[in-house]
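Contents: one structure, followed by commentary.
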């Protein structure tokens, strides 16, 4: 089974020098990804928004594997991660990312529907940088999307794209 990802280039005035490096959105829901993309467009967030649906696609994207990755996708400036994924869940992906010297410095923002206190605690314990709850009504996504962009893409200083401390690759050689 091949892995895949998609990319939307979004133009807007809310961006920073890191925004075109890309935001990786990991979510199995086509509807949720479409809602996020529309919200980014409506509030003027300029970014390359990459989308992976599961852990396998995420590994392929980050390790530049597969046909699409031959175009040398950039190391994302940020990762938006859902917890409810098929197979390997978001907590497992978060743990792997934050334990990898190559990817640990990438800010991971949890974007999920779970309000369960155990999920919130586990995410922060594993190194999540923020925990956002998806609004019940998709029309309410614009406000958190704009706040997200203003903080992470305009005000925050993010790690350099070439901050790769070792040859450790996500999902390879992990036990």
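The values are calculated or read from the model by the stated rules, or taken from the named source; none is laboratory data. Note that the structure is predicted; figures quoted are calculated from it, not measured. All Cβ positions, even for glycine, are placed from backbone atoms using ideal geometry, and neighbour counts span all protein chains on display.
Cβ-Cβ contacts under 9 Å between residues 6 or more apart (or on different chains), taken from a first residue in segment 9-35 that is surrounded by 17 or more Cβ atoms within 10 Å (Cβ to Cβ) to a second residue that is at pLDDT below 65 and part of a loop (DSSP other than H, G, I, E, B), are listed as 19/12. Taking segment 1-77 as the region of interest, the helices (runs of 4 or more DSSP H) fully inside it that hold 2 or more residues being within 26 Å of residue 142 (Cα to Cα) and at pLDDT 95 or above are 30-43. Taking residue 156 as the residue in question, decide whether it is under 25 Å from residue 74 (Cβ atoms), modelled with pLDDT under 95 and touching a helix residue (DSSP H, G or I) at 6+ places or on another chain (Cβ under 6 Å). Against the criterion (under 25 Å from residue 74 (Cβ atoms), modelled with pLDDT under 95 and touching a helix residue (DSSP H, G or I) at 6+ places or on another chain (Cβ under 6 Å)), residue 156 does not qualify.
Counting only residues that are under 18 Å from residue 85 (Cα atoms), without any contact (Cβ under 8 Å) to a residue 24 or more places away in the chain and either in a helix (DSSP H, G or I) or in contact with a strand residue (DSSP E or B) (Cβ under 6 Å, 6 or more places away or on another chain) (or both), segment 127-144 holds 2 of them. Residue count for segment 99-116, restricted to those that are more than 24 Å from residue 144 (Cα to Cα) and out of contact with any helix residue (DSSP H, G or I) (no Cβ under 7 Å at 6 or more places or on another chain): 4. Only residues that are part of a loop (DSSP other than H, G, I, E, B) and either more than 14 Å from the chain's Cα centre (by Cα) or modelled with pLDDT under 95 (or both) were counted across segment 107-126, and they come to 5.
Yes/no matrix, rows are residues, columns are (1) at pLDDT 95 or above; (2) surrounded by 15 or more Cβ atoms within 10 Å (Cβ to Cβ); (3) over 15 Å from residue 28 (Cα atoms); (4) more than 12 Å from the chain's Cα centre (by Cα):
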residue	(1), (2), (3), (4)
88	yes, yes, no, yes
94	yes, yes, yes, no
136	no, no, yes, yes
143	no, no, yes, yes
146	no, yes, yes, yes
